[in-house]
1. Can you figure out the FRET efficiency of Lys106 with Ala162, using R₀ = 35 Å and their beta-carbon distance, to the nearest 0.05?
2. Suppose only helical runs count, i.e. DSSP H with n ≥ 4. What mean residue ellipticity at 222 nm does that imply for the chain under -39500 (n - 2.57) per run, divided by all residues and rounded to the nearest 500 deg cm²/dmol?
3. Report the calculated FRET efficiency for Lys210 and Gln358 (r = Cβ-Cβ distance, R0 = 56 Å), to the nearest 0.05.
4. Based on the Cα atoms of segment 30-138, what semi-axes does the equivalent ellipsoid have, where each is the square root of 5 times one gyration tensor eigenvalue, given in whole Å with the largest first?
5. Among the aspartates and glutamates, which have Cα under 15 Å from the Cα of Lys252 when same-chain residues fewer than 8 positions away are ignored?
6. Can you give the extra length, in nm with one decimal, that the chain gains between Ala90 and Asp279 once fully stretched, where that is 0.36 nm per residue apart less the Cα-Cα distance?
7. For the chain, with every protein chain kept in place, what is the accessible area per residue (1.4 Å probe, Å²)?
8. Ignoring ligands, DNA and RNA, please state the percent of accessible area on the chain from carbon and sulfur, probe 1.4 Å.
Amino acid sequence: MVKRIYNFSSGPAVLPLPVLEEAREALLSLGETGIGILEHSHRGKAFLSVYNETVALFREVGRIPDDYEILFLQGGASTQFFMLPMNLLAKDQTADYLVTGAWSEKAIGEAKRYGNTHVACTSKDRNFCYIPKTRTYSPRPAYVHFTSNNTIFGTEFFEEPAVPEGSPLICDASSDIFSRPLDIKRYAVIYAGAQKNLGPAGTTLVIIRKDLVERAPKDLPTMLQYRTHASNESMYNTCPTFGIYVMGLIVKWIKNQGGIAALETRNKAKADKLYAALDSSRLFKATADRDSRSRMNVTFVTGKEELDGEFVKFAEKQGLDGLKGHRSVGGMRASLYNAFPAEGVDALIDAMKRFESQHA
Ligand SMILES: Cc1ncc(COP(=O)(O)O)c(C=O)c1O
């Protein structure tokens with residue numbers, strides 16, 4: 001097999017090896033069917049059984065109650081930025097947004113096209129390096145939206161924000177879904193692009209409470225109504241078959257690892273170790289405030305742009321890829337999603353120490 005290296009990419013990102021191996025087999029033949037997963041009709045028996053198994057696994061592993069739909073959509077999380085207000089925000093209503101990074105800025109930007117918006121809090125004053133503790137809501141928000149993990153700035157919510165009584169809570173969980181157990185009942189909608197913790201790019205998971213599905217105006221374009229997808233098991237049109245298949249394998253892998261709670265323990269250990277190394281370093285420094293540090297995306301700098309660039313190149317030579325920070329923040333970012341191995345964190349810390357001894 002080709003040598004695999006440590007992939008710190010923020011997404012598409014590292015996937016579990018056993019999943020990739022099984023998918024490789026299925027490319028040629030799904031089970032004993034003699035037809036590859038990419039070639040099966042989405043209406044055929046073989047794929048329908050993949051779909052049903054995937055949904056059942058999501059319900060079991062993600063503890064998703066029966067009064068929630070599980071939808072596999074397309075257009076990325078970015079399509080949810082407008083599909084949500086299109087379906088759930090009337091012109092005379094106000095939706096509240098917790099603005100904690102570039103992705104929540106984009107989300108509120110789209111909502112403005114459909115109704116009123118209100119910024120319940122923002123951390124823009126310090127370049128989004130923290131999760132604000134104080135939030136001020138509008139009197140009766142149509143919903144409250146937050147981004148549970150800020151992929152670019154390396155901050156994360158570890159508790160759902162308290163919202164006004166009866167306000168639906170909507171979460172963009174693209175970069176931390178299934179990295180720790182969630183009490184789904186606290187949410188009205190959770191959505192996530194698949195390309196970090198769930199599988200290949202091209203599929204978006206939407207978990208939506210059933211009563212909200214019916215709330216949308218019926219004159220929206222058919223493909224942009226949640227009810228279309230809910231009443232057709234995500235198969236109104238040709239669904240992203242390969243994405244759904246791999247997502248099923250991923251959730252099965254999570255189950256075999258001991259479930260989401262077991263992954264949380266591992267994710268915490270990986271991130272804690274890296275932050276501890278950063279805190280004791282004479283050269284590197286984490287950029288997020290301590291109480292807001294993400295377990296999924298660890299952002300850090302040397303303080304000198306040129307040195308950051310040198311470190312990224314140095315790390316690449318040791319087989320540590322994808323450490324360059326997002327272009328809007330610079331520095332470094334180590335993405336430690338569910339499938340990222342603990343040994344990769346050790347290798348990064350080792351590289352940091354060696355670089356530090358040459359440059360600090
Ligand atoms: C938190 C978050 N939300 C939304 C997006 C956009 O996702 P997509 O590219 O699937 O539209 C990303 C992409 O990285 C993200 O990290």
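1. On the way: r = 24 Å, r/R0 = 0.70.
The computed FRET efficiency comes out at 0.90.
2. Numbers: 10 runs with 130 residues, N = 360.
When only DSSP H runs of four or more count, the value is -11500 deg cm²/dmol.
3. Numbers: r = 58 Å, r/R0 = 1.04.
FRET efficiency, Lys210 to Gln358: 0.45.
4. Values: eigenvalues 294, 53, 43 Å².
Values for segment 30-138, descending: 38, 16, 15 Å.
5. Reachable aspartates and glutamates: Glu21, Glu22, Glu53, Glu60.
6. Details: separation 189, 0.36 × 189 = 68.04 nm, distance 4.72 nm.
This chain segment gains 63.3 nm when fully extended.
7. On the way: 16080 Å² over 360 residues.
Per residue, the chain has 45 Å² of solvent-accessible surface.
8. On the way: 8200 of 16080 Å².
With neighbouring chains kept in place, the figure for the chain is 51 percent.
The values are calculated or read from the model by the stated rules, or taken from the named source; none is laboratory data. Note that this is a predicted model, so its numbers are computed, not measured. Neighbour counts are summed over all protein chains in view; Cβ atoms, including those assigned to glycine, are modelled from backbone coordinates with ideal geometry. We work out accessible area using only protein heavy atoms, side chains counted, and drop any ligands, DNA or RNA first. Shrake-Rupley method; radii C 1.70, N 1.55, O 1.52, S 1.80 Å.
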